[in-house]
Amino acid sequence: MSGSMLFKNGRVVDPAQKLDQVQDLLVSDGVIVASGSELGDGAGAQVIDVEGKWLVPGLIDMHVHLREPGEEYKETIESGTAAAAAGGFTGVACMPNTNPVNDNGSITKFIVDRAGSCNARVYPVGAISTGLKGEKLAEFGEMKREGAVAVTDDGHPVEDSQLMRRSLEYAASHGMVVISHSEELTLSRDGAMNEGGLSTRMGLKGIPAVAESIMVQREIALSELTGARIHIAHVSTMQSVASIREAKKRGVLVTAETAPHYFSLTEDAVKGYDTNAKMNPPLRTENDRLAIIEGLQDGTLDAIATDHAPHSILEKEVEFNLAANGIAGLETSLSLGLALVKNGHLEVGRLIELMSYNPAQILGIAGGSLEVGVVADLTVIDPAKEFTFHASSSYSKGKNSPFDGWNMQGKAVMTLLGGRVTHDELTM
């Protein structure tokens, strides 16, 4: 499908323009060329009636693991972006814990080159430290020149506070944001799930909530000290939400994300020793889950990011305490977010802000808007579409999902990347 496309009668939801109304949208030569209530027949364009559906800016996931280079048996850039497109995403920011680590310009360039013909824009995130070892800073400037948009040692906390301070200052000089994996290892080491009564009953070493929130407080303090931006990844606890909320009130340059599993599940999901529900940070309590939702409502949390972490059965079909952390999340994220809308927790515009506009703003990348003249990265959502998610039929190589078999409502039915259809359940 190419050329011009006229989307008729869609609910256009664009937080960048504070727009939420039924209208038409015309895409031609990969660009949004017109929007309004009466666009006629689009002068020969392919007309697609999207009545009852939403037209939103292409979703952007600022936290994914694409596993390439080095672990292509888990995921490739090609398979990961196919999963992204199926989930409604037009852009993904990929973490640096590849093999070799993305800690230099040549690896960054490799990722950018491999992503060139794929089904989503791929934004590499470089390592803070060489080899993710937390000992010396990687070459931020070199990675930025090749396309890196941020830096993180995701999967590993930067334990050395002086190194973290330097990373904030160094990143700020390059106009980049530092993304923090907030974990105090002396409290969390060898833990397999949330610390509490359930972990005791299951005989598993627990990870206390404070292992996250202590480090969140350190990052806030270092951001305050340096005046540099800090972004907190995968927030899972009530205490972290409270600390970020207070920091924002003081004007600290902190942003934060959470993942769909933290507002959709609790530690109860690990009952039966289900390794698909094992992740880091771990699933927490119902009070934490409700605090996460409140943080999404009031602006404390700025983004919903999947932390898409595909694994093979080699890493997951083992004893619980030996299993790898993480879930494959690109194809369930939007539906889980839409459940918050259906349940009255979020307005539609706020969800799109969390999943498109804000990630683009935080990373300093294009996207997150349907303004006339911008590249046509757009997602068509059918909020009424009911389906059962089967991990076995997902586009990702990773089938490790705690949502396997869930009945869901609301789905991306078409995804456009620069006007090119990358996923289509609408006209097929």
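Laboratory data are not the source of any read-out in this text; all were calculated from the coordinates shown. Just so we're clear, the structure is a prediction, and the values are computed from it rather than from any experiment. Cβ placement follows ideal geometry from the backbone for every residue including glycine, while neighbour counts extend to all protein chains displayed.
With a Förster radius of 45 Å, plug the Cβ-Cβ distance of Thr200 and Val22 into 1/(1 + (r/R0)^6) and report the FRET value to the nearest 0.05.
Details: r = 54 Å, r/R0 = 1.19.
E(calc), rounded to 0.05, equals 0.25.
I want to verify a result. In a Gaussian network model of the chain, Cα cutoff 10 Å, which of these has the top mean-square fluctuation: Thr108, Thr255, Thr226?
Residue with maximal mean-square fluctuation among Thr108, Thr255, Thr226: Thr226.
Binning every alpha carbon pair distance of the chain at 10 Å from zero, what are the percents per bin?
Each 10 Å bin holds this share of Cα pairs: 5, 23, 33, 26, 10, 2, 0.
Using only Cα atoms, find the angle between the long axis of helix 286-298 and the longest principal axis of the chain, and express it within 0 to 90 degrees, rounded to the nearest 10.
50 degrees
Round to the nearest 10 and give me the degree value, 0 to 90, for the angle of helix 238-249's Cα axis relative to the longest principal axis of the chain.
Its long axis makes an angle of about 70 degrees.
Starting from the range 24-100, pick out the GluC sites (Glu not before Pro) whose DSSP state is loop and whose Cβ has at most 12 other Cβ atoms within 10 Å.
Numbers: sites: Glu38, Glu51, Glu71, Glu72, Glu75, Glu78; in loops: Glu38, Glu51, Glu71, Glu72, Glu75.
Answer by residue number: Glu38, Glu51.
Classify the range 269-323 from the C-alpha gyration tensor, please: rounded if a/c falls under 1.5, else prolate or oblate depending on whether a/b exceeds b/c.
Working: a/c = 4.19, a/b = 1.94, b/c = 2.16.
Cα axes put the range 269-323 in the oblate bin.
Can you put Val33, Val372 in order, fewest other beta carbons within 10 Å first? Please list the in-between numbers first.
On the way: Val33 17, Val372 14.
Going from least to most buried by this count: Val372, Val33.
How much length is gained if the chain between Asp113 and Arg420 is pulled fully straight, taking 0.36 nm per residue apart and subtracting their Cα-Cα distance, in nm to one decimal?
Details: separation 307, 0.36 × 307 = 110.52 nm, distance 1.89 nm.
That pair, Asp113 and Arg420, stretches by 108.6 nm at full extension.
How much FRET efficiency would the formula 1/(1 + (r/R0)^6) give for Ala242 and Thr130, where r is the Cβ-Cβ distance and R0 is 35 Å, rounded to 0.05? Before the final figure, lay out the partial values.
Numbers: r = 34 Å, r/R0 = 0.98.
The value I calculate is 0.55.
What distance in nm separates the two pseudo spin-label positions at Val210 and Asp160, each 7 Å out from Cα along the beta-carbon direction?
2.7 nm
Give the lysines whose C-alpha is closer than 21 Å to that of Lys8, dropping any in the same chain fewer than 8 places away, or say none.
Result set, ordered by chain and number: Lys18, Lys53, Lys385, Lys411.
With a 10 Å Cβ neighbour count serving as the proxy for reagent exposure, in which order, fewest first, do Trp54, Trp406 appear?
Numbers: Trp54 22, Trp406 17.
Final ranking by Cβ density, sparse to dense: Trp406, Trp54.
Once you have a ≥ b ≥ c as the square roots of the Cα gyration tensor eigenvalues for the range 323-375, tell me rounded if a/c is under 1.5, and otherwise prolate or oblate according to whether a/b is larger than b/c. Write down the numbers at each step before the final one.
Working: a/c = 2.52, a/b = 1.32, b/c = 1.91.
Here the range 323-375 falls in the oblate category.
Checking the a/c ratio against 1.5 first, then a/b against b/c, what shape does the Cα gyration tensor give for the range 1-113?
Values: a/c = 2.95, a/b = 2.52, b/c = 1.17.
It is prolate, given that a/c is not under 1.5 and a/b is the larger ratio.
In the Gaussian network model of the chain, springs joining C-alpha atoms below 10 Å, which of Gly80, Gly367, Gly206 carries the largest mean-square fluctuation?
Of Gly80, Gly367, Gly206, the Gaussian network model singles out Gly206 as fluctuating most.
Most exposed first by the Cβ proxy, i.e. fewest other Cβ within 10 Å, how do Arg250, Arg67 rank? Don't skip to the end; give the middle numbers.
On the way: Arg250 9, Arg67 27.
The order, fewest Cβ neighbours first, is Arg250, Arg67.
For a quick check, take a GNM of the chain with Cα springs below 10 Å and name the residue from Asp103, Asp49, Asp302 with the largest mean-square fluctuation.
Fluctuation is largest for Asp49.
Mind checking which lysines have their Cα closer than 18 Å to the Cα of Lys136? Skip sequence neighbours fewer than 8 apart in that chain.
By straight Cα distance, Lys136 reaches Lys144.
Using all Cα-Cα distances in the range 291-428, what percent lands in each 5 angstrom bin from 0 up to the longest?
Each 5 Å bin holds this share of Cα pairs: 2, 9, 15, 19, 20, 17, 11, 5, 1, 0, 0.
With axes computed from alpha carbons, what is the tilt in degrees of helix 105-115 against the longest principal axis of the chain, rounded to the nearest 10 within 0 to 90?
40 degrees
Quick one, can you get me the convex hull of the C-alpha atoms of the range 201-287 expressed as volume per residue in Å³?
Values: hull volume 7.9 nm³, N = 87.
Per-residue hull volume (Cα only) is 91 Å³.
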